[in-house]
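Structure first, commentary second.
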Amino acid sequence: MRKITYFIITALLISCSQNSTKKNEKSENQLSSKPNILLLVGDDIGFGDLEAFGSEIPTPNMNRLAESGIRFSNFHASPVCSVTRSMLMTGCNNIEVGLGSFDYSFYPPTKGVSGYEGYLTNNAVTIAQLLRDAGYETYKSGKWHLGGEAAGGEGPLSWGFTKEFGILSGGSNHWNNIAMTPDFSDPNGLNVKREEHFTLNGEHFDRPDGVYSGELYTNHMLNFIKEGHSEKKPWFAYMAFTTAHFPIQAPPELIDKYYQKYLELGFAGLKKSRYKSLKSKGLITETAIEPEFNDITHKWESLTEDEQKIQAKVMATYAAMIEDQDNRTGEILDYLKESGQLDNTLVIYVTDNGPEGFEATHPRTGNPEMAKWIETQFDQSFEAIGTANSEHTIGVSWADASTGGLQWWKWFIGEGGIRVPMMIVPPGAFSENYSQAGLISNAVMSVKDLPMTILDYAGVSHPGTKYKDREVMKPSGISARPFLEGKSDLVRSEEQWYAFELFGNGYLMKGEYKVMKVREGMFGDGKWHLFNVVSDPSEMNPLESDMPELFEEMKNLYAGYAKENNIMEVDAAWNPFKAASE
């Protein structure tokens, strides 16, 4: 009897072991079949800045994405960095997860108000958390800008990333660990440079001098991906470049070849050239009207010859930053192809907002304290441009020019500030006969739709309003997968409108139509206007008189959105540029 019992127990143990092995094998097979996800994010790069989006700057690796996948020509982010990233990581509206304010420029009455914290709040759940929980390795390299500094919030390891490298803030010197802005809270802050804090997996990292940011961040990301590949686990890689955020700096060998072209074109010449290129490539419609001259910008002819040379070299350096980002993107794509991972990778490229128009010495958009710090702490000469000891921005005029057929730039809700390049290459599209390859689509789409698209391809469901033991915001983003697979002609229907507010400026998108209001303090008239941003991307032809019913309907929808989210009114005259040092 004992022998029989022994054999029964042994058989059961073997059976359980075999079943456990089969379950483990099944689990491993399920994980290995899940696509990798590569999310590439450019910083302060405008709609017309990539070759695939009409630029004169060659970006052959971005072109690979455009030719293999879909270019979206009516995609909207927010007008500033961290606000976009809050939606990109969560699929929620910015004010729902703490980013109703921009950390570099708070409207004073919003301080301490829920929704205006300036960092990602605990009522959010990120896609990194959900992907990690589903068995993904999750990597971030580059810029975070969603919290973890003295101002509050947490760094990427607290938000689901298993490995991270980079900075918590919005940017830094591209050659060393010097911060891009002074410490305005320090009485002596304008007379000294301060150091930026770099971390590797949450620990302090001594950033080497003389290594360009694109090389530094890409090398760390490649190391993460290689480690994940050896572990045979799917991965989500958030490659958050800091190019082409100011300070405008780049490898010197990339700068010179652009200089003469920008010296010849000047501000207006570049804007016209890109406007024509965007139209000829079908990235804006034939009905698009050429934008009028913006009186905040400078006329090229008003500059001295030396000033023109400096401006041409600054723009050449900006172009070099974009070329470097393209080269680094190529390094990642090449590795994925060589290692056999590219065909099983969803690749998304997007930028966080339009080009940076901040200009420290500008009488209307400048900041005297920032201007003083730059003047006393850096070498602003022609020879120093692009080096670690220079601190330039492209300023209002190049920012305006770079968007081609659009108006305005970063900080503003005009199309030049929020319409940005975005491309998606679904898994398998690089080698298969993808029916949508090379398509340019003006389907309306929001940045908060990207995280939902990522989760859809990963086979991960969002938990809705409860994540583990806490209440979270349910996302309002929509997956673009049906559109990408040719099963739908739209990403969002007219009923699936979305709204946005920052600095007291607001807009709502409903199909091709956009209703918007810009305060006087940010050079608007404080009134609502209606535009069709597909037929009129330069927003030159207001339609409120022609379409009064739609105009009223969209204003009412926005009013409901503002009430539901407790959006605070902003004083008409408040200027966020002057407030950046407060």
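The values are calculated or read from the model by the stated rules, or taken from the named source; none is laboratory data. Since this is a predicted model, take the numbers as computed values, not measurements. Cβ coordinates were reconstructed from backbone atoms using ideal geometry, including for glycine residues, and neighbour counts include every protein chain displayed.
Worth pointing out:
- Here residue 183 meets the list (1) within 19 Å of the chain's Cα centre (by Cα); (2) surrounded by fewer than 19 Cβ atoms within 10 Å (Cβ to Cβ) almost entirely, failing just condition (1).
- Each residue in segment 461-486 was checked for being closer than 26 Å to residue 71 by Cβ and touching a helix residue (DSSP H, G or I) at 6+ places or on another chain (Cβ under 8 Å), and 7 of them qualify.
- Residue within segment 391-410 that is touching a residue at least 60 places away in the same chain (Cβ under 8 Å), charged (D, E, K, R) and touching a strand residue (DSSP E or B) at 6+ places or on another chain (Cβ under 8 Å) present: no
Quick grid of which residues meet (1) modelled with pLDDT of 95 or more; (2) surrounded by fewer than 24 Cβ atoms within 10 Å (Cβ to Cβ):
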{"residue": "18", "(1), (2)": "no, yes"}
{"residue": "39", "(1), (2)": "yes, yes"}
{"residue": "65", "(1), (2)": "yes, no"}
{"residue": "69", "(1), (2)": "yes, no"}
{"residue": "93", "(1), (2)": "yes, no"}
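- Taking the conditions (1) at positive phi; (2) in contact (Cβ under 8 Å) with a residue 40 or more places away in the chain in turn, residue 118 satisfies each one other than (2).
- Qualifying positions in segment 133-156 - under 20 Å from the mean Cα position of the chain (by Cα) and hydrophobic (A, V, I, L, M, F, W, C): 144, 146
- Set side by side, the residues 433, 353 differ, and just one is farther than 29 Å from residue 191 by Cα and without any contact (Cβ under 8 Å) to a residue 24 or more places away in the chain, which is 433.
- Some residue of segment 461-472 being surrounded by 22 or more Cβ atoms within 10 Å (Cβ to Cβ), in contact with a Gly (Cβ under 8 Å, 6 or more places away or on another chain), part of a loop (DSSP other than H, G, I, E, B) and not β-branched (Val, Ile, Thr): no
- Verdict on residue 418 being within 30 Å of residue 516 (Cα to Cα) and surrounded by 20 or more Cβ atoms within 10 Å (Cβ to Cβ): yes
- For segment 95-142, the candidate set comprises residues that are of a type in the set (A, V, I, L, M, F, W, C) and either modelled with pLDDT under 95 or touching a Pro at 6+ places or on another chain (Cβ under 8 Å) (or both); within that set, the residue that is surrounded by the most Cβ atoms within 10 Å (Cβ to Cβ) is 127.
- Looking across segment 502-552, the residues that are in a helix (DSSP H, G or I) and without any contact (Cβ under 8 Å) to a residue 12 or more places away in the chain come down to 548, 549, 552.
- Some residue of segment 542-550 being among the hydrophobic types (A, V, I, L, M, F, W, C) and either surrounded by fewer than 14 Cβ atoms within 10 Å (Cβ to Cβ) or within 27 Å of the chain's Cα centre (by Cα) (or both): no
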